[in-house]
Number of protein chains: 2
Amino acid sequence: MKNKLSGIPLNMIRINDESWNKYIGLVKEVIIPYQWKILNDLEEDAELSHCIHNFKIAAGEAEGEFEGAVFQDTDVAKWLEAVAYTLFCHPDEELERIADQTIDLIGRAQQKDGYLDTYFIVKEPDLRWKNLMEGHELYTAGHMMEAAVAYFEATGKEKFLKIVSRLADLICEVFGPKEEQLHGYPGHQEIELALVKLYRTTGRRKYLTLAKYFIDQRGVGKNYFFWEMEQEGHRFLFPDFQGYDPKYSQSHLPVRQQKTAEGHAVRAVYMYCAMADLAYEFQDETLLTVCRKLWENIVTKRMYLTGGIGSSGILERFTVDYDLPNDCNYSETCASIGLALFGRRMAEITREASFMDTVELALYNTILSGISLDGKHFFYVNPMEVWPDNCIPRTSKEHVKPVRQKWFGCACCPPNIARTLASFGQYLYFKDDHTLYVNLYVSSQVKTRLSNEEVCVKVTTELPGKGKYVIKINSKGNQKKTLAFRIPAYGKDFQVQNENGTILSPEISNGYAYISGTFADTVLSVAYQEKAGFIRANPNVRADAGKVAMMKGPVVYCLEEVDNGKNLASIYVDADQEIKEIYEPEVMGGTLTLELEGKRISSDNWSGQSLYGTEKRKLEDVKLKAVPYSSWGNRKAGEMTVWIKELIR
Amino acid sequence: MKNKLSGIPLNMIRINDESWNKYIGLVKEVIIPYQWKILNDLEEDAELSHCIHNFKIAAGEAEGEFEGAVFQDTDVAKWLEAVAYTLFCHPDEELERIADQTIDLIGRAQQKDGYLDTYFIVKEPDLRWKNLMEGHELYTAGHMMEAAVAYFEATGKEKFLKIVSRLADLICEVFGPKEEQLHGYPGHQEIELALVKLYRTTGRRKYLTLAKYFIDQRGVGKNYFFWEMEQEGHRFLFPDFQGYDPKYSQSHLPVRQQKTAEGHAVRAVYMYCAMADLAYEFQDETLLTVCRKLWENIVTKRMYLTGGIGSSGILERFTVDYDLPNDCNYSETCASIGLALFGRRMAEITREASFMDTVELALYNTILSGISLDGKHFFYVNPMEVWPDNCIPRTSKEHVKPVRQKWFGCACCPPNIARTLASFGQYLYFKDDHTLYVNLYVSSQVKTRLSNEEVCVKVTTELPGKGKYVIKINSKGNQKKTLAFRIPAYGKDFQVQNENGTILSPEISNGYAYISGTFADTVLSVAYQEKAGFIRANPNVRADAGKVAMMKGPVVYCLEEVDNGKNLASIYVDADQEIKEIYEPEVMGGTLTLELEGKRISSDNWSGQSLYGTEKRKLEDVKLKAVPYSSWGNRKAGEMTVWIKELIR
């Protein structure tokens, strides 16, 4: 295995893209302050978080009971992680001060032996480590570790790192192969990938060893969660426990025997991230092949067009190949974030651009859809089709909301979106010693070193939405360096030209186009076709049979009721037409919409109130307007659909 | 309100129709003995019932714990009801002896004060009457009453009637408007309609008064189930109780204010039955209008083409107007039985044939679909579309089974089907003093008295499936009598002819054609077109937009995988074609199948494994075969669909 690619420090990347900055800017201006108020129970309209208060109680500085989810601590961990990335790019003394104070409080809540989880410290001290299936202790520890690593990288401050290291050291004592240790693994994977980060930051190999143990031990022999249930002192945290399927937590088989993506989607992709990390760290080709196969199962059989995963609302999980229902799916925002993290890792290890095709899909669609334009409302669930009237409690659509919600009780998605937006740069560029990889064509600039010389690269969208990008490269020194441009799978007629308009002949390898040079003062341009067009699904996907969707580049479009009226299920499009692309400055602060002709099943000839009849179907002409899926539900609550019936002749 | 029509004693009706007798014969030969084995835990392959054993424990004649559902007693009640109807038509000493012994046992299990419910007698004596929401005591009492009335009518024996009267007397004491009484109503409606039956059989008016009380009190003021939760001694029976919506049990409003069919479908229709009964008994036009409006809401906005009701798998309930998903609906067999009972009552009161159109739909489709050809396997849930691969636990399809199951743990449907088949005659004929109503054109004969003279009527299907029926009437005496023939809503070119071929001009009123005469020795023929044709749903039903179904008369057809291959979602039909009707003696013991041309989306041009792509849709020609929905799933487990995409030009 070659050395893998690495990311570039976030403070060396500046994002200039207007539309991305619309969202990314929200992180510092809106989400971080808003989430801070939530964590401190100062936001009136939202569900109470009690997160900070739990830490105060644990630190002996306040009275009261623990309140919130069993993993409530992770809300502040993910907030701190988002703060870290934000400080990295935009230093802010006041914000850093608040973060430091919060970290101090976390430190005071930490127990002497390093244990850190306010749910158990305050509410269930007797259950420490006794219920990994439900307890989320290791999940919570993992998010704390990720936050501490990010904070250290952003600020150079070690305090948070020391806190989580004490916790990690404790976990290394408690879990492992020795007889006196618990041979367990987390009920919700997360700590594995976090331990790898902690190892890479601190250099302490035992963290890597423990990550490997958790992954290797998982699903071996008797399932740990069933073993755990039989032990002295075990108690269920959730009283209506009713039968556990180990597939839910991907603990039904040793990971190397797993061939399909099963169970709870977020747990799955967080685990696959760690597996990819470990495959690299241990040069384990077998494990990397397993990762490839799981990735392939997802993207060829179990993923939505929008990069969403999790086809079952119940248990937020994968179901079976080609089962992709559009109106009762889960497609949790967090799961697509995990999918992007998994794909990024695979791209860094393999240098195969196809992984970034899926990452881009997830970023531009499901992940972006998770947040409203005002930054204060979120989608947990990302349906492909919505009819608000039937999204009522205690039905197969009860988890589907037709509009984004303010802070949730179980609030894993909003902070996850925040940290993703704040660290967006991790997806834009990779590098190795000599090569800079340009993954996503987003107006931005990056400063790095290639072949030991400083290089600045600036990507500018020359004509928004027209697929033409200007790449300005400045480098002092005359070592040979290489730029690798991702060729998007949808990008027709991909070309790289030099300043004079000469079409270059880059070496193409695994979806990247490699151009080498000294790049003293170079301007290149990258162009490809990304006109809006129609997409279909594999005929095996029964839910999408006979339907089309529209995409422009990586952006999936949808029809909304506010533009097209009720009953979107009665609409047909003829895919033999040009789709008009129209930039509308008045729509949601400026949106590229699509316009096309369609047909609608008329109600005119339907007799009165009857429910069934022999009347023939009558079609009437309609004009349709589509908007990006990521911005649906920002105007008026109503019906939405990505997949539209195709007029088949 | 005119006098309502009445049914004809079952022993005065003989059913000769081959296909119905295929099923009805099963009741005596297979279902009753099979269910008897189940009730006594003698059937190896099925879930244990423990029903009879519970009664033995309650009677102090056996040891052990209560086992089974809280309403387990109703299994034997419904078995006895089916036995009663069967004995009525086919006397059988041995069967009657077993029934008498069972009734004796029930009597011995009954407590001194008349209380009868083995769950509470054996397991929860302290909770008597304290948890109507979950306890099903009144539901169970209702089924006992229905069984006892049927048994009395069939055999003339009073013992069972006395048992349930003691129980009813107790309930009359406990529940009512007086201060010392409980102002409650059942958590699962059923007793209301049973009390009406008991009143009509015994003449004791207090039973009718109590039925009225239960209906009138329901949903008035503070919801009784919430009040009950606050009382001393209350305990939940189901530990994961999590929030109760009174709509579930139609106790959210007083019944006279209810305009839409809400909540659990079986509860709803059993209640509507009682409301119709009471509207008649009390000549309450307002209440009858409420019944009409609820019926209309169901049949014009909330019912499946197959007469199924209950669009949500979760809570087995109605959802909202036009929300009729095909693959995750509930459409419980019991609910369609209740719908048929409701419709029959409305037809008897109003003399409007349209009610019987829906009753016929439910009987020929969802109800018949509930039982397999061998009489030992049952569908609880009746989907309109099935893909077995995705009917897995903990998904929105977990309640859907692609094949009928042996005896269930919660076994309300099989005995309900048995008693329906055994009392099928209740749907065929109605009468008043002078008129015999012929509702369903099923080969049969009936003996009754019209205008005080004996009349025998025999209906014969002259050409099976061709919509022509010969009616032979014999009557001694020369009083004028009337025959009313239902004109099916789908029956084109309806004609009544006399023996000479003269087309008669009957008086048509509300869907019945009235012919009067002395009928000394008369032969009439009734004919109408019922060729197989295409049906569509109201365009507001999003799930069925752009689709067609096929029906022949009342029979809904479907495509199955065993005939048409996998991926039925990829099939289109052009509705501009004649459907061929072919009688196939080899298929399931003789089935009228439909053959037609179709198109299928080909996988040929789909590139390899990809999940999404720009390949155009390619259609290939296919020949399709459809079978009656009622007989789906009897051959090989596989996909099924009623609604098929329509090729729209």
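The values are calculated or read from the model by the stated rules, or taken from the named source; none is laboratory data. This structure is a prediction, so every number in the text was calculated from the model and none was measured. Here Cβ is always computed from backbone atoms with ideal geometry, including for glycine, and neighbour counts include all displayed protein chains. For the accessible areas, the whole protein counts, side chains as well, though only heavy atoms, and no ligand, DNA or RNA atoms are used. Shrake-Rupley method; radii C 1.70, N 1.55, O 1.52, S 1.80 Å.
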Open item on the list: Could you check the range A:591-604 and list, in sequence order, the residues that are within 13 Å of chain B (Cβ to nearest Cβ) and more than 25 Å from A:LYS616 (Cβ to Cβ)?
Closed with: none
Open item on the list: Whether any residue in the range B:281-293 is among the basic types (Lys, Arg), surrounded by 20 or more Cβ atoms within 10 Å (Cβ to Cβ) and modelled with pLDDT of 95 or more is what I want to check.
Closed with: no
Open item on the list: All but one of (1) assigned by TED's automatic domain parsing to the domain that holds B:ILE163; (2) open to solvent by 20 Å² or more (accessible area, probe 1.4 Å) hold for B:THR86; state the number of the condition that does not hold.
Closed with: (2)
TODO: Examine the range A:332-350 for a residue that is more than 28 Å from A:GLN258 (Cβ to Cβ), over 13 Å from the mean Cα position of the chain (by Cα) and in the same structural domain as A:TYR270 (by TED's automatic domain parsing), and state whether such a residue exists.
DONE: no
Open item on the list: When the residues of the range A:376-390 are narrowed to those that are surrounded by fewer than 22 Cβ atoms within 10 Å (Cβ to Cβ) and in contact (Cβ under 8 Å) with a residue 12 or more places away in the chain, which ends up farthest from A:ALA411 (Cα to Cα)?
Closed with: A:PRO388
Task: Residues being open to solvent by 10 Å² or more (accessible area, probe 1.4 Å), at the interface with chain A (Cβ under 7 Å from one of its Cβ atoms) and either among the aromatic types (Phe, Trp, Tyr) or part of a loop (DSSP other than H, G, I, E, B) (or both) - total across the range B:294-322 - done: 2
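For (1) modelled with pLDDT of 95 or more; (2) over 28 Å from the mean Cα position of the chain (by Cα), each residue gets a yes or a no:
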| position | (1), (2) |
| --- | --- |
| B:THR209 | yes, no |
| B:GLN217 | yes, no |
| B:TYR224 | yes, yes |
| B:ARG235 | no, yes |
Open item on the list: Every residue in the range B:605-649 that is outside any strand (DSSP E or B), within 14 Å of chain A (Cβ to nearest Cβ), of a type in the set (A, V, I, L, M, F, W, C) and touching a helix residue (DSSP H, G or I) at 6+ places or on another chain (Cβ under 8 Å), please.
Closed with: B:LEU611, B:VAL642, B:TRP643
TODO: Kindly indicate the residue of the range B:37-52 that is open to solvent by 60 Å² or more (accessible area, probe 1.4 Å) and at pLDDT 90 or above and also nearest to the chain's Cα centre (by Cα) among those meeting that condition.
DONE: B:LYS37
- [ ] Only one of these is at pLDDT 90 or above, surrounded by 17 or more Cβ atoms within 10 Å (Cβ to Cβ) and at positive phi: B:GLY64, B:GLY60, B:GLY68. Name it.
- [x] B:GLY68
TODO: Among the candidates A:LEU39, A:LEU48, A:LEU10, single out the residue that is without any contact (Cβ under 8 Å) to a residue 24 or more places away in the chain, of a type in the set (A, V, I, L, M) and out of contact with any strand residue (DSSP E or B) (no Cβ under 9 Å at 6 or more places or on another chain).
DONE: A:LEU48
Task: the range B:513-548, residues that are of a type in the set (Asp, Glu), open to solvent by 30 Å² or more (accessible area, probe 1.4 Å) and either at pLDDT 95 or above or closer than 18 Å to B:ILE503 by Cβ (or both) - done: none
Task: Matching residues in the range B:103-146 - criterion: being in a helix (DSSP H, G or I), open to solvent by less than 10 Å² (accessible area, probe 1.4 Å) and among the acidic types (Asp, Glu) - done: B:GLU137, B:GLU146
Open item on the list: Residue under question is B:SER505, and the condition is that it be open to solvent by 10 Å² or more (accessible area, probe 1.4 Å) and either without any contact (Cβ under 8 Å) to a residue 12 or more places away in the chain or within 29 Å of B:TYR583 (Cα to Cα) (or both); does it hold?
Closed with: yes
Open item on the list: Which count do you get for residues in the range A:269-288 that are of a type outside the set (A, V, I, L, M, F, W, C) and under 29 Å from A:PRO325 (Cα atoms)?
Closed with: 2
Open item on the list: If B:GLU93 satisfies all but one of (1) touching a His at 6+ places or on another chain (Cβ under 8 Å); (2) open to solvent by 10 Å² or more (accessible area, probe 1.4 Å); (3) under 24 Å from B:VAL149 (Cα atoms), what's the number of the condition it fails?
Closed with: (1)
TODO: Please give the strands (runs of 3 or more DSSP E) falling wholly within the range A:500-590 in which 1 or more residues are within 12 Å of another protein chain (Cβ to nearest Cβ) and among the β-branched types (Val, Ile, Thr).
DONE: A:533-537, A:547-552, A:555-560, A:571-573
Open item on the list: So, A:GLU581, is that one more than 29 Å from B:ASN540 (Cα to Cα), surrounded by 13 or more Cβ atoms within 10 Å (Cβ to Cβ) and either of a type outside the set (A, V, I, L, M, F, W, C) or modelled with pLDDT of 95 or more (or both) or not?
Closed with: yes
Task: Residue among B:VAL459, B:VAL446, B:VAL470 that alone is without any contact (Cβ under 8 Å) to a residue 60 or more places away in the chain and within 26 Å of the chain's Cα centre (by Cα) - done: B:VAL459
Open item on the list: Checking A:GLY25 against (1) more than 30 Å from A:LYS130 (Cα to Cα); (2) in contact (Cβ under 8 Å) with a residue 40 or more places away in the chain, only one condition comes out false. Which one?
Closed with: (2)
